[in-house]
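Derivation of every value follows stated rules applied to the coordinates shown; laboratory data play no part. Predicted model only: the values in this text are computed from it and were never measured. Note that we place each Cβ from the backbone using ideal geometry, even for glycine, and neighbour counts take in every protein chain shown.
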2 protein chains.
Amino acid sequence: MKKLFLAIISIGIFSSCQCNKTVSKDPKTSSNTHLQDSIVIRAVFDTALSDGKGYEWLRDLTQNIGHRLSGSPQAEKAVAWGEQLMKNQQFDSVWLQPIMVPHWVRGAKETAYFTTKNTKTQVAICALGGSVATPKNGVTATVLELSSIAQVTEYGEKLKGKIVFFNRPFDATLVNTFEAYGGCVDQRWAGAHAVGTYGALGVIVRSMTGSIDDFPHTGSMGYQKLPQELRVPAAAISTKAANALSAAIKTNPHLKFHFQQSCKTLPDAPSFNVIGELKGSEFPDKYITVGGHLDSWDLGDGAHDDGTGVVQSLEVLRIFKANNIIPRHSIRAVLFMNEENGNRGGKRYAAAAKENNEIHIAALESDAGGHTPRGFTYDGNINKIALFKSWKKLLAPYGLHDWEKGHTGVDIAPLKSDTIILAGYIPDSQRYFDYHHSANDTFDKVNERELQLGTAAMTSLIYLLDQHLD
Amino acid sequence: MKKLFLAIISIGIFSSCQCNKTVSKDPKTSSNTHLQDSIVIRAVFDTALSDGKGYEWLRDLTQNIGHRLSGSPQAEKAVAWGEQLMKNQQFDSVWLQPIMVPHWVRGAKETAYFTTKNTKTQVAICALGGSVATPKNGVTATVLELSSIAQVTEYGEKLKGKIVFFNRPFDATLVNTFEAYGGCVDQRWAGAHAVGTYGALGVIVRSMTGSIDDFPHTGSMGYQKLPQELRVPAAAISTKAANALSAAIKTNPHLKFHFQQSCKTLPDAPSFNVIGELKGSEFPDKYITVGGHLDSWDLGDGAHDDGTGVVQSLEVLRIFKANNIIPRHSIRAVLFMNEENGNRGGKRYAAAAKENNEIHIAALESDAGGHTPRGFTYDGNINKIALFKSWKKLLAPYGLHDWEKGHTGVDIAPLKSDTIILAGYIPDSQRYFDYHHSANDTFDKVNERELQLGTAAMTSLIYLLDQHLD
C-alpha cells in the first residue's frame, strides 16, 4: 500500500494527510477510503488519457498483423506479438498456455447472385464460420424466405431442394444493439442445423447488423450432431442485398439464387492463450483476470472485435506499473485465443485454474468494442453485488452509469462460480454492429480517446476489485 | 390531451385504463403521470429509431448543398431547403425571419511553410473567420511561440516584426472535450486582438482539437475596436503542423514562417432564420422553441456543426405530428442563421419575440454534434430546476444521465430571462472536436442511430416541457 500512496504523491495529486494511512474498510473511515479511491481513479484516467499506449499497440496489431482467425498464420504472429509486448512491459511473469483450436479456412472469395427472367444481380455474401463448402459449381435453387427458426418445422418438407433465406432484421427500437443482436443471432447459429433434416440445399442468413450496407457479416454457426450428409452450406448476405433479394422474391417467387463457397475445416491446430501477471503483494495466490480475445474473424482486421479488448487489458497492467500501484492480489492480463469459434482458450484457462487449485476472485472482459464507456455488467458472487454497485458513484463522473447484472464475457464465463465476481465492460453500443465480423471492422473505426476512456474505466475497476476484495 | 392519448392507443402501446384520464399534477397521481410520460417517450423513441427521417434530410443538406457560411450562395440555398422541408411536413405555419449577416469570404486556398537553412516544410493552415488577408505576397517572419494570451503583455515589444504562434494544446485529461475547448479557444478568438498593438505581423493558432492530424480548424476571431492598421492576419494551423513547427523552433529559433491568405469581409448580406410552428391547443400564445443553426463554416459540409441540430429540430415537430401529439403550447423549430460568426439570427429571434410580446417559456438547442445522447444542460428559471431534473428518471433508461446547469446554446442565449427554461442537448463529446470547423466535418462521420437517439431525446424533452409547464 505504501508504494501506492507514494505513487499518488509522486504524480502530484495529493501532497499530504490521508495518504499515509492504510486503507480501511471500517465504516467510520469509508469516506476516507472513497477519497483515496477517487484519487487513484483520477490518476488512472490521467495516465490513460495523456499517455495512453493502447491505440498505437492496436495500430500495430491490426495493421501489421491484421485479422487473426484461430489456426491462421496471423493468429500465430499475434501470439508472439502479445508475448513480446508483455515482456517489453516487464510484467512479473509472461507465459503461453497451450491449447488446440478449430482450424476453419474460408478458401476463395465467395460468389453469389440471383437471376430472374431478365436480370442477374450479384450480391455480397460470406461463408459462416464452420460452414461446409458448396459443391464445386455452387448451389442454385429457388429461395424460401423465413423470418424464424420456428418456421422451419411449419414449412417442413417444403424446404426440400430450396435455399432457405433467414431474413429477420434487427429490431431498431431496442436502444442497446446487443439486445437486437441477441434477438436475431439464432438464425445464424442454428439456421443450417434446423433445415438440415428437411432436404434444403443451403442457408443464407441476413447479416447481423442494423446498418443497411453491402458488408456481409460472418460469425460462427454449428451443425451440432447432424450427420455429414445433412450439413448444408451456410452464408451471410449483406443487409442491402437481403433487402434486394426479399423484394425480388415478392415479384418473382421462383427466382433462382446461386452461391459458391470453398471453405473447409482442417484438423485442430496448436495455439496459445497469452498470459502476463503482476504478482500480488498481500495475496499472491489469489487472482484477478482482465482479458480480451486475440483471435478475430478473417474479414477486416479485428479492431473492435476484439483488438480493443486486447490492448485495453494490456494497458491495465501497464497503468498499474506506471502509477506504481502495487496490487494486493496477483493480476493477470489474458489474451484469450479462439473466442470466435470454439472458446477453447476460455475453457482451457478455467480448466487450468482448477487443475492448479488457483483461487480466482474476479475477472473482467472487454469484448463489446472500443467505444465510449457506459458501465459494467456483473455476474457470479451475488453477495458482492452491493459492493460492486457502490463503485458506480466513483465512475459516474467519468460517464459510467450502467451497472447491471448480465452477460459478462465468453472467455471468462468458464470461470464462473458462486465466489468469483465476473464483470463485463460496456461501451456505447450504437456503432458496434456496423463493424462486427465484417470487412468494415478496421482500425480507422476506433477513436483514440474513446479507447483510452475504456482502458481507464477497466483499470479503475480492477483497482477497486483488488482493493476491496479479500 | 385526448388526441395524444388516442395516439398512444393507435400505436398499440397501451390499450385501455389510464389512457383516458387527463394528465394531472396532483401528487396523488404523479406515478400515473410518470407512466403516461414514459409511454409517450417510448413511442417517440420507436418512431425516431424505426422511421427516422433526419439522416436522409442531413444527407440532402450536406451533400446537395454542402457548407453554408453566412452570406454564401449555399446559405441562401439552405434557407430555401429548410423552408420547403417545413412546408412539405405541413407544419401549421412556416415563415422566414429576415436578418442581415456578416459576409466574410475565404478567397483562395491559404498557403504556408517554414524554412530552415536546408529545408522548406509545407504546413496546413486556414484563415480564421473574420481575419484580414495577408499582403499579396504573404507574411514572412520569425516565430514567437506562446502558450497564452497573458504572455503577450509579458513579451511586449519583443513581438514586433514577429509571427506570434499560440500553441497551447487541449488538456487531454478533461473527460468532456468541450471543457478542453473552453480552455484553449481564447487563443483563437482573442490572439490577434492581443498582439495588434505590439507590432506583430501575424498570428498562427494551434487548431482547436485534441486530435493530432493535418486538418486546420477555422472558427471566429475578433479584432474588437482595434484600428484597421493594427489588424494582423490570423490563421489556424493543423495540430500535426503545430507540433512540427514547435519542434523545429526548438532547434532553429530563427526559422522563417511564411503564410498567405486572401480572405476579406464584404458588406453585410441579407439572410433569414427559418421558422416552422405547430399551434398550441391550450396556450397558443406561449412558445417553446427547439433549434439548431443552419449556417456552418466553409470547410467540410457542416454535418455535425450543425446539420445534425437542424435535422433533429425539424424531426421534433415531425415526430409530434407522426404520433398525433397535439402540443398544449405553440412549438417552433427554428433554423438559426449566423451562429458561427455573429449570432445575428439568435439575437434577431429574441428581439422579435420581445417586439411581438411573445411569451417564451422554454427553448432547447442542439449544437454539440450528433453523437449518442448523454443528457441536457439547463439554464434560466431556477425555480424549475427540480422539475427539470425530475425528468432524468424518464430518460436515464435511454442513456441520458447528465442533467446539469450549464451553457445551453449560442442561438437561444438571447432569449434568457428569469422565467424561461433554456436547455442544451448533450451528446457524447469524444469525437466532436476531431471534426468541428474543419474539412473533416462531413456527413460520413454521422451515425444514423446516434442521430436518431438524440432526436428522440430532444423530442421527449420538448414533450415534457410542453406537458408540465403552464
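The table below lists the values:
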{"read-out": "Equivalent ellipsoid semi-axes - Cα gyration tensor, the range B:107-262, angstrom", "value": "21, 19, 16"}
{"read-out": "Proximal charge balance of A:V79 [Cβ under 10 Å; K/R count +1, D/E count -1]", "value": "-1"}
{"read-out": "Calculated label separations, B:A352, copies of the chain, 7 Å along the beta-carbon direction, nm", "value": "7.1"}
{"read-out": "For the range B:33-45, 3J(HN,Hα) per residue [Karplus equation, 6.51 cos²θ - 1.76 cosθ + 1.60, θ = phi - 60°, Hz, x = Gly/Pro]", "value": "4, 4, 5, 4, 4, 5, 5, 5, 4, 4, 5, 4, 5"}
{"read-out": "Dipole axis of the range B:107-262 (+1 Lys, Arg; -1 Asp, Glu on Cβ), positive-most option in B:S211, B:T140, B:H193", "value": "B:T140"}
{"read-out": "Theoretical FRET efficiency, 1/(1+(r/R0)^6), r = Cβ-Cβ of B:K279 and A:S50, R0 45 Å, to 0.05", "value": "0.30"}
{"read-out": "Placed amide H near A:L146: partners under 5 Å, 5+ positions off or other chain", "value": "A:F165, A:F166, A:N167"}
{"read-out": "Rg [Å, one decimal], Dmax [Å, integer] - the protein assembly as shown, C-alpha atoms", "value": "29.9, 92"}
{"read-out": "Per-copy distances of the B:E179 label point, shortest first, in nm (7 angstrom along Cα→Cβ)", "value": "3.1"}
{"read-out": "Simple Cβ-charge dipole of the range B:107-262, Lys/Arg +1 and Asp/Glu -1, about Cα centre, in debye nearest 20", "value": "520"}
{"read-out": "On Cα atoms only, tilt of A:186-195 relative to the major axis of chain A in degrees", "value": "40"}
{"read-out": "Local net charge near A:G424, Cβ-Cβ under 9 Å (Lys/Arg +1, Asp/Glu -1)", "value": "-3"}
{"read-out": "Partners for A:K393 among lysines (Cα-Cα distance below 23 Å; same-chain residues under 8 apart left out)", "value": "A:K21, A:K25, A:K28, A:K384, A:K405, B:K389, B:K392, B:K393, B:K405"}
{"read-out": "Cβ-defined net charge surrounding B:T218, 12 Å radius [Lys, Arg +1; Asp, Glu -1]", "value": "-3"}
{"read-out": "Cleavage-rule hits, trypsin sites (Lys or Arg not before Pro), the range B:263-293, DSSP coil, Cβ neighbours within 10 Å at most 15", "value": "B:K279"}
{"read-out": "Assigned charges on the beta-carbon of Lys, Arg, Asp, Glu; chain B dipole about Cα centre (debye)", "value": "520"}
{"read-out": "Using a Förster distance of 35 Å, the FRET efficiency for B:A396-A:N324 (Cβ separation, nearest 0.05)", "value": "0.40"}
{"read-out": "Residues with amide H under 5 Å from that of A:L364, placed H, sequence gap 5 or more", "value": "A:T289, A:V290, A:G291, A:A423"}
{"read-out": "Karplus-derived 3J(HN,Hα), 6.51/-1.76/1.60, for each residue of the range A:103-118, Hz, glycine and proline x", "value": "10, 9, 10, 6, x, 5, 4, 5, 10, 7, 7, 10, 10, 10, 3, 10"}
{"read-out": "Acute angle (nearest 10 degrees) that the helix A:448-468 long axis makes with the longest principal axis of chain A, alpha-carbon atoms", "value": "50"}
{"read-out": "Amide H within-cut-off set for A:K162, under 5 Å, with H built and near neighbours excluded", "value": "A:L201"}
{"read-out": "Nearest 10 degrees, 0 to 90: helix A:73-88 Cα axis against chain A principal axis", "value": "10"}
{"read-out": "Overall form of chain A per C-alpha gyration tensor (a/c, 1.5; a/b vs b/c)", "value": "prolate"}
{"read-out": "Residues listed by number, the range B:137-152, amide nitrogen under 19 Å from B:A244 label point at 7 Å toward C-beta", "value": "B:139-145"}
{"read-out": "The range A:97-178: trypsin sites (Lys or Arg not before Pro) in DSSP coil with no more than 15 other Cβ atoms inside 10 Å", "value": "A:K109, A:K117, A:K136, A:K160"}
{"read-out": "Cross-link table A:K160/A:K225; A:K321/A:K354; A:K77/A:K445; A:K77/B:K445; B:K53/B:K87, entries beyond 25 Å C-alpha to C-alpha", "value": "A:K321/A:K354; A:K77/B:K445"}
